[in-house]
1. Just the number please: accessible area per residue for region 1-63, 1.4 Å probe, all protein chains included, in Å².
2. Once you list every other residue whose beta carbon is under 14 Å from the beta carbon of residue 72, what net charge do they have if Lys and Arg are +1 and Asp and Glu are -1?
3. Between residue 48 and residue 30, what is the label-to-label distance in nm when each label sits 7 Å out along the Cα-to-Cβ direction?
4. Any chance you could run the full-extension gain for residue 61 through residue 4? It's 0.36 nm times the residue separation minus the Cα-Cα distance, nm to one decimal.
5. Between residue 78 and residue 17, what is the spin-label point distance in nm, taking each point 7 Å from the Cα along the Cα→C-beta axis?
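The values are calculated or read from the model by the stated rules, or taken from the named source; none is laboratory data. As the structure is a computational prediction, the values presented were derived from the model and not from experiment. We place every Cβ from the backbone using ideal geometry, glycine too, and count neighbours over all the protein chains shown. Just the protein is used for accessible areas: all its heavy atoms, side chains included, with ligands, DNA and RNA removed. Shrake-Rupley method; radii C 1.70, N 1.55, O 1.52, S 1.80 Å.
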Amino acid sequence: MSNIVEIKVPDIGDFDTVEVIEILVAVGDTIEAEQSLITVESDKASMEIPASQGGVVKALKVKLGDKVGEGSVILEVEASGAAAPVQAPAAAQAPAPAAQAAAPAPV
(Lines give C-alpha, C1' and ligand atoms only; values in the text may rest on other atoms or scores of the structure.)
Protein backbone atom coordinates (compact mmCIF):
# COMPACT_ATOMS: atom_id res chain seq x y z
CA MET A 1 0.00 0.00 0.00
CA SER A 2 3.00 2.28 0.40
CA ASN A 3 3.94 4.42 -2.55
CA ILE A 4 7.75 4.72 -2.55
CA VAL A 5 9.03 7.28 -5.05
CA GLU A 6 12.64 7.96 -6.01
CA ILE A 7 13.59 11.65 -6.04
CA LYS A 8 16.26 12.25 -8.67
CA VAL A 9 18.61 15.06 -9.61
CA PRO A 10 16.93 17.19 -12.31
CA ASP A 11 18.74 18.83 -15.23
CA ILE A 12 21.67 20.71 -13.68
CA GLY A 13 22.79 22.52 -16.79
CA ASP A 14 26.21 22.10 -18.36
CA PHE A 15 27.64 19.93 -15.58
CA ASP A 16 28.08 16.16 -15.92
CA THR A 17 28.53 15.71 -12.17
CA VAL A 18 28.56 17.94 -9.12
CA GLU A 19 29.60 17.26 -5.54
CA VAL A 20 27.11 16.95 -2.67
CA ILE A 21 28.28 19.49 -0.07
CA GLU A 22 25.23 19.58 2.21
CA ILE A 23 22.30 17.27 3.02
CA LEU A 24 19.29 19.22 4.26
CA VAL A 25 16.93 16.37 5.21
CA ALA A 26 17.10 13.12 7.18
CA VAL A 27 15.32 9.78 7.14
CA GLY A 28 11.92 10.22 8.79
CA ASP A 29 11.54 13.88 7.80
CA THR A 30 8.32 14.95 6.11
CA ILE A 31 9.15 17.04 3.06
CA GLU A 32 7.10 19.23 0.73
CA ALA A 33 7.37 19.45 -3.05
CA GLU A 34 9.96 22.08 -4.01
CA GLN A 35 11.68 21.86 -0.60
CA SER A 36 15.48 21.88 -0.86
CA LEU A 37 16.99 18.44 -0.25
CA ILE A 38 20.70 18.77 -0.91
CA THR A 39 23.22 21.43 -1.88
CA VAL A 40 25.63 20.60 -4.69
CA GLU A 41 28.68 22.48 -5.89
CA SER A 42 30.47 22.66 -9.19
CA ASP A 43 33.68 24.53 -9.91
CA LYS A 44 31.54 27.56 -10.81
CA ALA A 45 28.56 27.64 -8.44
CA SER A 46 26.58 25.91 -5.72
CA MET A 47 22.89 25.13 -6.01
CA GLU A 48 20.15 23.53 -3.96
CA ILE A 49 18.26 20.60 -5.44
CA PRO A 50 14.52 20.64 -4.62
CA ALA A 51 12.11 17.76 -4.13
CA SER A 52 9.89 16.95 -7.08
CA GLN A 53 7.31 15.49 -4.69
CA GLY A 54 6.43 15.62 -1.01
CA GLY A 55 6.28 12.76 1.45
CA VAL A 56 8.20 11.06 4.25
CA VAL A 57 11.90 10.40 3.64
CA LYS A 58 12.46 6.63 3.77
CA ALA A 59 16.07 6.36 2.54
CA LEU A 60 18.93 8.69 1.66
CA LYS A 61 20.85 7.53 -1.40
CA VAL A 62 23.66 10.14 -1.28
CA LYS A 63 26.21 11.21 1.29
CA LEU A 64 28.51 14.19 1.64
CA GLY A 65 31.21 14.21 -1.01
CA ASP A 66 29.28 12.03 -3.48
CA LYS A 67 29.30 13.08 -7.13
CA VAL A 68 25.83 13.23 -8.67
CA GLY A 69 24.49 14.07 -12.10
CA GLU A 70 21.16 14.37 -13.84
CA GLY A 71 19.06 11.30 -13.01
CA SER A 72 21.02 10.29 -9.90
CA VAL A 73 18.72 9.13 -7.09
CA ILE A 74 18.92 11.47 -4.09
CA LEU A 75 16.46 9.76 -1.78
CA GLU A 76 13.29 7.71 -1.56
CA VAL A 77 10.05 9.07 -0.13
CA GLU A 78 6.76 7.52 0.77
CA ALA A 79 4.63 9.86 -1.29
CA SER A 80 2.16 11.92 0.71
CA GLY A 81 -0.01 12.40 -2.37
CA ALA A 82 -0.65 8.65 -2.65
CA ALA A 83 -3.80 8.68 -0.53
CA ALA A 84 -5.15 12.02 -1.70
CA PRO A 85 -6.04 11.04 -5.30
CA VAL A 86 -7.86 7.94 -4.04
CA GLN A 87 -9.86 9.87 -1.44
CA ALA A 88 -10.44 13.05 -3.41
CA PRO A 89 -12.83 11.59 -6.03
CA ALA A 90 -14.93 9.90 -3.32
CA ALA A 91 -15.08 13.11 -1.31
CA ALA A 92 -15.95 15.12 -4.40
CA GLN A 93 -18.74 12.72 -5.38
CA ALA A 94 -20.37 12.56 -1.96
CA PRO A 95 -21.28 16.26 -1.66
CA ALA A 96 -22.40 16.54 -5.30
CA PRO A 97 -25.56 14.40 -5.02
CA ALA A 98 -26.47 16.07 -1.74
CA ALA A 99 -26.06 19.49 -3.32
CA GLN A 100 -28.18 18.46 -6.30
CA ALA A 101 -30.89 17.03 -4.05
CA ALA A 102 -30.93 20.13 -1.86
CA ALA A 103 -30.89 22.60 -4.73
CA PRO A 104 -34.35 21.84 -6.22
CA ALA A 105 -36.15 22.15 -2.86
CA PRO A 106 -35.49 25.90 -2.28
CA VAL A 107 -36.18 26.79 -5.92
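1. Details: 3830 Å² over 63 residues.
I get 61 Å² per residue for region 1-63.
2. Working: positive: 8, 61, 63, 67; negative: 6, 11, 16, 19, 66, 70, 76.
Spelling it out: positives minus negatives among the neighbours equals -3.
3. About 2.0 nm, to one decimal.
4. Numbers: separation 57, 0.36 × 57 = 20.52 nm, distance 1.35 nm.
Gain on stretching residue 61 to residue 4: 19.2 nm.
5. 3.3 nm
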